[in-house]
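One structure is given here, and the rest of the page talks about it.
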Amino acid sequence: MNKTAIVTGIFGQDGAYLAKLLLEKGYKVYGFIARRSTPVDWRLKELGIENEVEYIEGDLTDVSSLIRAVNIAKPDEFYNLGAQSFVGTSWKQPILTAQSTGLGVLNCLEAIRLSNSDIKFYQASTSEMFGLIQEPIQSEKTPFHPRSPYGVAKLFGHWMTINYRESFNIFGCCGILFNHESPLRGIEFVTRKVTDAVARIKLGCQKDLHLGNIDAKRDWGFAGDYVEAMWKMLQQDKPDDYVVATGRTTTVRDMCKIAFDYVGLNYEDYVVIDPKFYRPAEVDLLLGNPKKAKEVLNWEAKTSLEDLIKMMVEADLRRVNKELKVKD
Ligand code: NAP
Ligand code: GDD
């Protein structure tokens with residue numbers, strides 16, 4: 001019989017790719033969606049799946065809405081991807097971030113415990129929990145030291161998931177995912193901010209690009225590859241936690257170079273360092289060790305950073321060209 005899944009955060013980057021993957025595997029997919037005053041389903045539309053998902057309205061901060069969703073969908077699997085996920089915003093709205101990104105996880109776990117504790121649960125944990133890194137290459141065994149209210153909230157959700165596994169035998173898995181990007185990435189994140197600017201500069205409708213700390217290093221992969229790892233975690237015999245990463249780290253500066261080079265421009269002619277984009281506390285370096293995911297899940301990243309940035313620049317060139325045609 002086909003399986004059923006609930007996905008919170010389905011209108012976000014990962015939610016869209018995961019929904020597509022689950023639909024391709026024959027799942028019935030329910031999207032748990034927070035009410036917003038304007039429609040935000042553009043990612044599902046880009047993937048052509050907006051009419052294949054059933055929607056249930058609710059909010060991660062409202063446990064009753066989660067219980068209602070679980071009772072309606074009766075899922076086999078529950079993927080919690082919803083969160084206030086932008087690190088920069090987490091200093092401006094720390095309490096909202098704690099409530100949705102942190103307590104929201106506990107609300108999901110309680111909804112499962114109270115309704116049907118056989119539901120398998122995936123929690124979107126993050127490399128941001130490593131923060132002030134305690135080891136040069138981070139694995140499942142590396143101690144955490146979060147550097148932002150977002151990282152602290154995620155750490156709460158991470159340990160709550162482990163605690164519910166140990167206390168109530170809930171099949172809860174945490175994917176400690178390193179940064180992953182795509183043409184569906186939100187514009188506020190640095191890769192997409194860069195590829196959008198590259199397209200606009202190339203097409204003559206933007207002059208320069210203001211960035212903060214371009215010496216920060218990230219382990220960047222493709223979101224389309226990473227959602228497969230999420231699904232694989234819930235197909236194992238035993239629940240566990242996994243680092244999902246490429247094993248390569250690159251500075252923001254070099255990522256800019258790759259993006260500008262792709263359209264034949266020199267990033268140094270356009271990038272302006274703007275202290276407005278510095279963070280109160282920075283995560284200088286992230287580099288993941290995906291060995292366990294490879295050994296247990298038979299998962300590995302397939303897309304290089306160069307191919308990823310190319311895919312993103314091309315998508316942004318198409319979007320900006322379309323915008324310009326509409327204006328003509
Ligand atoms: P995203 O694009 O920001 O998507 C997050 C989604 O959660 C959005 O659709 C958002 O809706 C929704 N949401 C926010 N608050 C909510 C609430 N209170 N109730 C219900 N839904 C709510 O993030 P993503 O990049 O897809 O990431 C997916 C998950 O993985 C997030 O939990 C993120 O923290 C985590 N993660 C991401 C990465 C990465 O590099 N992408 C790495 C590690 C972990 P609105 O936009 O309408 O608020
Ligand atoms: N967003 C942004 N904008 N970041 C900039 C800028 C800028 O103008 N200039 C430099 N950066 C630097 C940030 O300071 C950070 O060191 C790095 O670029 C990456 O920033 P983001 O793309 O915003 O991602 P993040 O690493 O803070 O967080 C993302 O990855 C986490 C996993 O490690 C998000 O997706 C989180 O939700 C996720 O958990």
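The values are calculated or read from the model by the stated rules, or taken from the named source; none is laboratory data. These figures come from a predicted structure and were not determined experimentally. Reconstructed Cβ throughout: ideal geometry from the backbone, glycine too, with neighbour counts over all protein chains shown.
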Could you tell me which of the residues D225, D196 is acidic (D, E) and within 13 Å of ligand 1 (Cβ to nearest atom)? D225
Find the residue count for segment 122-143, including only residues that are touching a His at 6+ places or on another chain (Cβ under 8 Å) and outside any helix (DSSP H, G or I). 7
Can you name the condition, by its number, that T38 falls short on among (1) more than 13 Å from ligand 1 (Cβ to nearest atom); (2) without any contact (Cβ under 8 Å) to a residue 40 or more places away in the chain; (3) over 22 Å from V105 (Cβ atoms)? (1)
Hey, any hits in segment 14-32 for a residue that's within 16 Å of ligand 2 (Cβ to nearest atom) and without any contact (Cβ under 8 Å) to a residue 60 or more places away in the chain? no
Pick from segment 53-86, criterion buried (at least 22 other Cβ atoms within 10 Å of the Cβ) and within 16 Å of ligand 2 (Cβ to nearest atom), ranking: farthest from G172 (Cα to Cα): S85
Residues that are in a strand (DSSP E or B) and either touching a Cys at 6+ places or on another chain (Cβ under 9 Å) or assigned by TED's automatic domain parsing to the domain that holds F130 (or both), drawn from segment 252-274: V271
Does segment 221-232 contain at least one residue that is assigned to a loop (DSSP other than H, G, I, E, B) and within 11 Å of ligand 2 (Cβ to nearest atom)? no
Kindly indicate whether F144 is more than 14 Å from N289 (Cβ to Cβ), within 16 Å of ligand 2 (Cβ to nearest atom) and assigned by TED's automatic domain parsing to the domain that holds T101. yes
Total residues in segment 276-325, condition assigned to a helix (DSSP H, G or I), among the charged types (D, E, K, R) and either within 30 Å of P239 (Cα to Cα) or in contact with a strand residue (DSSP E or B) (Cβ under 6 Å, 6 or more places away or on another chain) (or both): 4
Hey, does segment 181-191 have a residue that's over 30 Å from W159 (Cα atoms) and not aliphatic (A, V, I, L, M)? yes
Look at D261 and say whether it is of a type in the set (D, E, K, R) and closer than 14 Å to V190 by Cβ. no
Which one is surrounded by the fewest Cβ atoms within 10 Å (Cβ to Cβ) among residues in segment 160-177 that are hydrophobic (A, V, I, L, M, F, W, C) and part of a helix (DSSP H, G or I)? F168
Looking at G31, G102, can you tell me which residue is outside any helix (DSSP H, G or I) and surrounded by 15 or more Cβ atoms within 10 Å (Cβ to Cβ)? G31
